[in-house]
Amino acid sequence: MKQMALDIGLSSGPTLQNFCAGPNELALRHLQLWVGGRSSAATRSPVPTYLWGPSGSGKTHLLKAVREALREQGARVGWMDATIAEPEPYSEAWAAVLLDDVHLYSGVQQHAAFNWFVNAQTHQRWVLAAGDAAPATLPVRDDLRSRLGWGHGFGLTVLSEPERRAVLRQAADARGVFLSDEVMDFMLTRFSRDLGSLMELLELIDGYALQTKRAITVPMIRAMMENS
């Protein structure tokens with residue numbers, strides 16, 4: 001059965017708090033420790049961190065969550081992903097450099113990423129990067145690859161279906177919501193299996209059920225989709 005993406009609309013966005021870690025707990029704890037609070041900024045380690053794993057393992061969620069956490073502390077960061085065709089010059093005002101989807105970088109982006117990396121090391125700033133493969137096999141220039149491989153590295157994995165079901169069930173229970181096996185099957189087979197999207201879908205379903213005063217069933221979810 002073909003999976004469908006759902007336009008969730010406005011949501012709270014990725015945070016470290018709403019990241020469902022599962023087997024990726026060590027990576028989450030590492031980032032939580034580094035981000036800390038405003039008072040820990042002066043003692044943060046500048047040793048870079050690299051995350052890798054397949055699509056849906058949470059790499060972009062974690063990078064955006066770190067970016068938001070630092071912004072809430074009043075810090076500026078440098079951000080680059082594959083959609084930014086012309087990266088801006090490195091700024092000494094940045095508290096950290098975040099590089100997402102490095103395996104997709106063009107030559108121009110790789111040059112900018114290397115420049116950012118070197119400047120970040122010079123100014124004792126942290127680099128957090130992510131890609132779909134371990135550094136040694138990344139299709140990027142050698143000098144960038146070697147720097148991505150230096151420091152802390154965490155391989156992320158996608159949660160298994162039983163783990164996704166368990167997380168969904170726990171989140172539903174916390175809301176006081178009952179999800180039948182039929183509803184759970186429908187959610188996991190008809191929508192994106194990315195856990196962040198599933199959590200937002202649960203929020204949307206719960207809100208629609210409260211608004212319409214209906215029990216959460218497959219027909220109710222179909223009605224929600226038709227009215228969205």
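Read-outs throughout are calculated quantities, based only on the coordinates presented, and are distinct from any laboratory measurement. All of these numbers come straight from a predicted model, not from anything done at the bench. Don't worry about glycine lacking a Cβ; one is built from the backbone with ideal geometry, like all the others, and counts go over all protein chains shown.
Non-local amide H neighbours of Val127 (under 5 Å, H modeled in plane, Pro and chain starts lacking H): which ones?
Under 5 Å from the amide H of Val127 lie the amide H atoms of Thr49, Val97, each far enough along the sequence or on another chain.
Go ahead and run the numbers for FRET between Gln73 and Val47, Cβ-Cβ distance against an R0 of 25 Å, rounding to 0.05.
Computed FRET efficiency for Gln73 and Val47 comes out at 0.80.
How big is the equivalent ellipsoid of the range 22-155 along its three axes, where each semi-axis is √(5λ) from the Cα gyration tensor, reported in whole Å from largest to smallest?
Over the Cα atoms of the range 22-155, the ellipsoid semi-axes are 21, 18, 13 Å.
Take every Cα-Cα pair in the range 161-227 and report what % of them are more than 19 Å apart.
Tail of P(r) above 19 Å: 21 percent of Cα pairs.
Quick one: Karplus J couplings for the range 202-214, per residue in order, coefficients 6.51, -1.76, 1.60, θ = phi - 60°, nearest Hz, x for Gly and Pro?
Computed from phi, the couplings for the range 202-214 are 4, 4, 5, 4, 4, x, 5, 4, 5, 5, 8, 6, 10 Hz.
Give me Trp79, Trp52, Trp150 ranked fewest to most by other Cβ atoms within 10 Å of their Cβ, as a rough exposure proxy.
The order, fewest Cβ neighbours first, is Trp150, Trp79, Trp52.
Name the residues whose placed amide hydrogens come within less than 5 Å of the amide hydrogen of Ser91, ignoring near sequence neighbours (fewer than 5 apart) on the same chain.
When sequence neighbours closer than 5 places are left aside, there are no close amide H contacts.
So if each residue of separation counts as 0.36 nm, and I subtract the Cα-Cα distance between Thr217 and His152, what length gain in nm does that give?
Length gained between Thr217 and His152: 18.9 nm.
What's the exposure ranking of Arg141, Arg125, going from fewest to most Cβ atoms within 10 Å?
Result, fewest neighbours first: Arg141, Arg125.
Tell me what the chain gives for mean residue ellipticity at 222 nm when only DSSP H runs of n ≥ 4 count, each as -39,500 (n - 2.57), the sum divided by the residue total, rounded to 500 deg cm²/dmol.
-14000 deg cm²/dmol
Quick one: 3J(HN,Hα) in Hz for the range 142-156, Karplus 6.51/-1.76/1.60 with θ = phi - 60°, rounded, Gly and Pro as x.
Per residue, the Karplus-derived 3J(HN,Hα) values read 4, 5, 6, 4, 5, 6, 5, x, 9, x, 7, x, 9, x, 9 Hz.
Which FRET efficiency value, to the nearest 0.05, is calculated for His30 and Ala136 with the Förster distance at 22 angstrom and r the Cβ-Cβ distance?
Calculated transfer efficiency: 0.60.
Near the amide H of Val77, under 5 Å away, which other amide H atoms are found, from residues 5 or more places off or on another chain, if H is placed in the peptide plane?
Under 5 Å from the amide H of Val77 lie the amide H atoms of Ala95, each far enough along the sequence or on another chain.
Tally Lys and Arg at +1 and Asp and Glu at -1 over the other residues with C-beta under 13 Å from the C-beta of Leu31: what net charge comes out?
+3
Viscosity 1.306 mPa s, temperature 10 °C: Stokes-Einstein D of the chain from its Kirkwood Cα radius, in µm² per second?
Estimated via Stokes-Einstein, D reaches 83 µm²/s.
Based on Cα coordinates alone, diagonalise the gyration tensor for the range 80-134, multiply each eigenvalue by 5, take square roots, and list the semi-axes in whole Å, largest first.
18, 13, 9
For each of Ser192, Ser55, count neighbouring Cβ atoms within 10 Å of the residue's Cβ, then give the residues from fewest to most.
So the residues, fewest neighbours to most, are Ser55, Ser192.
In nm, to one decimal, how far is the modelled label at Ala85 from the one at Asp181, with both set 7 Å along Cα→Cβ?
5.2
Kirkwood Rh, the range 144-197, all Cα pairs: how many Å?
Roughly 13.5 Å, rounded to one decimal.
Could you check the spin-label model distance between Val118 and Glu226? Points 7 Å from the Cα along Cα→Cβ, value in nm.
The two pseudo-label positions are separated by 6.1 nm.
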